[in-house]
Structure formats: structure tokens, C-alpha cells
């Protein structure tokens, strides 16, 4: 069998960058890795209902000094549709009524006519909540920014999440993959490869199928390849989804 390597790890020196940027000595290194995992887990929990997150970048400053460490968190996510946000807001604030003050709720009620303002207020409230939570847990200073991705079909993680969502709604896997590839063709991407594995369409014997469009040169180091894998939890079991996206050279 062919020996596979992770497309992102293979290109770290050339076209890929690390998602965590900091230096830790041998005494702190393992603790910082564990803390990074905890931060990503909690950010995903806090924003999962509102945002489709692509990646979370962490940058640490002032690690060796006596002052408090400063952690900068950048969330790359799909730009949300205002109407979808408007539907999710009432449920969110009834679930988190203790964390939201009366002034914020009043502002949200007054801004129902302006969906853009409505969404902005909700994000600000959620960012305050996650910063407060992380400061209590780790005793460090945090700054959270959100970078929005306008087109979900220019990011491998968002493409895989879209396919997973379609499969969970019982869409046939071939139709879901074909529709996704057609939407990617309308962008500036040079090529895409999608692989789905598991009990496809509920068949008892699990198998893997893949489809490719355009070029996906995995052996070329200077080629910018975006890669991800996601899980779709269907009634028949878990289906694994892998996406390779060739951005360009």
C-alpha cells in the first residue's frame, strides 16, 4: 500500500503556517499544548451554534516575563446569514440568561429591525463570555478576534462540514459530493478531491468512494493544498469525509 502523509504537515516549511505561534521551554511545552487544546475545545463549544468555524489560531506574547501572559485568539469562520442568526438568538439567550445582563437583552430587543446590529451585539456578548471563562480557568489575558470567510467553498473545512450536514439530512452521498464539486468549480480553486468512507447510503458493508475535479498535486511542495477530515453522524453510523483543495501555486 502507498504510504500517505498529512498534506499540511508535509508543507509546513513552504506554504503552510502553524496554527499556534509561541515558544515554550521543556518545562512548559506539554502544558501549553494541553492549554491550546482546551482553548480550541471551549471556543468551539461557545460558538458552535452561531458560527461554522474553519480554524482557530493562537498567538502567545510575554511568556518569559513576570507580567501576565497575553493570548491572542483568531477565529476563522463563515460569515453568518442574518436571518439564521435571528432565529438562533432567542434560544441562545434563554439558555444563557444568567450570563447575559438586562442592558444587553434590551439592546437586542430594540435592534430587531436591524439584523446586522443584532448579529454584532450577539457576537460581542459571546466574546465577553468566552474571555471571562478562559481568564478564570487559566489566569491569563485574552483577546479574541473573528475573521469572516465570505465564500465557504474556498475552504476545505467548510466544504467538509457542508457535505457532513447534507449526509446527516439523508441526502445520497453521490449527489452531495457532485453538488459540492459544482459549487467549487465556480470559485478560483484549481482542483478538489473528496473521499467519503463508511456505510454509504445505509449499505451493510462499509466502503470508500472518492471523486476528483481538476488538479490535486499532492507530491508538489510549492502547491498550496488545504486538507481536512470531518465526521457525519448518520442513523446508519459514522461516515468519514476527507477533502483536498488545491488553491494554487
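The values are calculated or read from the model by the stated rules, or taken from the named source; none is laboratory data. Just so it is clear, the structure is predicted and the values come from calculations on it, not from any experiment. Here the Cβ is made from the backbone with ideal geometry for all residues, glycine too, and neighbour counts use every protein chain on show.
Determine whether residue 211 is under 20 Å from the mean Cα position of the chain (by Cα), surrounded by 14 or more Cβ atoms within 10 Å (Cβ to Cβ) and closer than 23 Å to residue 155 by Cβ.
No; evaluated as a whole, the condition is false for this residue.
Would you tally the residues in the range 8-32 being surrounded by 12 or more Cβ atoms within 10 Å (Cβ to Cβ) and part of a helix (DSSP H, G or I)?
Residues in the range 8-32 being surrounded by 12 or more Cβ atoms within 10 Å (Cβ to Cβ) and part of a helix (DSSP H, G or I): 4 in total.
List the helices (runs of 4 or more DSSP H) inside the range 52-150, counting only whole elements, that have at least 2 residues being in contact with a helix residue (DSSP H, G or I) (Cβ under 7 Å, 6 or more places away or on another chain), buried (at least 17 other Cβ atoms within 10 Å of the Cβ) and at pLDDT 90 or above.
Qualifying helices (runs of 4 or more DSSP H): 115-138.
Quick one: which of 207, 199 is under 14 Å from residue 174 (Cα atoms) and touching a residue at least 40 places away in the same chain (Cβ under 8 Å)? Spell out the reasoning first.
Values: 207 fails: touching a residue at least 40 places away in the same chain (Cβ under 8 Å).
Only one candidate qualifies: 199.
Considering (1) touching a helix residue (DSSP H, G or I) at 6+ places or on another chain (Cβ under 6 Å); (2) more than 15 Å from residue 78 (Cβ to Cβ); (3) surrounded by fewer than 20 Cβ atoms within 10 Å (Cβ to Cβ), say which one residue 173 fails and leave the rest.
With (1) touching a helix residue (DSSP H, G or I) at 6+ places or on another chain (Cβ under 6 Å); (2) more than 15 Å from residue 78 (Cβ to Cβ); (3) surrounded by fewer than 20 Cβ atoms within 10 Å (Cβ to Cβ) applied to residue 173, the lone miss is (3).
Inside the range 15-37, can you point out the residues that are closer than 16 Å to residue 72 by Cβ and under 17 Å from the mean Cα position of the chain (by Cα)?
Answer for the range 15-37, where residues must be closer than 16 Å to residue 72 by Cβ and under 17 Å from the mean Cα position of the chain (by Cα): 17, 18, 19, 20, 36.
If I ask for residues that are out of contact with any strand residue (DSSP E or B) (no Cβ under 9 Å at 6 or more places or on another chain) and closer than 16 Å to residue 15 by Cα, which ones from the range 213-243 would you list?
Once the filter is applied, which keeps residues that are out of contact with any strand residue (DSSP E or B) (no Cβ under 9 Å at 6 or more places or on another chain) and closer than 16 Å to residue 15 by Cα, the range 213-243 yields 219, 220, 221, 222.
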